[in-house]
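What follows is calculated from the coordinates using simple rules that are stated; it is not laboratory data. Here the structure is a predicted model, which means the values were calculated and not measured. Please note: Cβ atoms are built from the backbone with ideal geometry, for glycine as well, and neighbour counts cover all protein chains shown.
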Amino acid sequence: MPELSLYHLGPYPGAIEEPSPGVRVEVYAVTDPILRTLDELEDFFPESPQSSLYIRQTMATRHGPAWVYIYNRPVKTIQRLRSGSW
């Protein structure tokens with residue numbers, strides 16, 4: 001996805017909306033209960049998205065629209081990953 005960039009957050013990456021050569025993504029079909037579990041894992045709070053570590057939003061993929069978790073903190077002092085995979 002060329003509209004995303006990855007940043008090295010230590011034990012996991014953070015994607016932000018920023019042009020890049022491309023970020024590799026995986027697309028899965030999930031049920032609502034699984035989506036809620038993923039929200040918990042990504043520290044996304046639907047009732048309070050601005051306080052979430054990640055924001056879940058829909059983005060276009062070659063497979064159609066998909067939920068993507070976007071890192072919700074400043075990245076000024078964080079290393080940007082040159083490759084688009086983690």
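Other residues within the sphere of radius under 14 Å centred on the Cβ of LEU81, judged by their own Cβ, net out at +2 (K and R +1, D and E -1).
Where in region 3-26 does the amide nitrogen come within less than 19 Å of the point 7 Å from the Cα of TRP67, taken along Cα to Cβ? Label zone hits: 13-17, 25-26.
A Förster radius of 22 Å combined with the Cβ-Cβ distance from VAL30 to ILE78 puts the calculated FRET efficiency at roughly 0.20.
The phi torsions of region 4-13, fed into the Karplus equation with coefficients 6.51, -1.76 and 1.60 and a -60° offset, translate into couplings of 10, 10, 9, 10, 7, 9, x, x, 7, x Hz, rounded to whole numbers, with Gly and Pro shown as x. The phi-based Karplus calculation (6.51 cos²θ - 1.76 cosθ + 1.60; θ = phi - 60°) puts the 3J(HN,Hα) values of region 81-86 at 7, 6, 8, x, 9, 10 Hz, whole numbers, x for Gly and Pro. Considering only trypsin sites (Lys or Arg not before Pro) in DSSP loops that have at most 16 other Cβ atoms within 10 Å, the longest stretch of the chain without any of them is 25-61.
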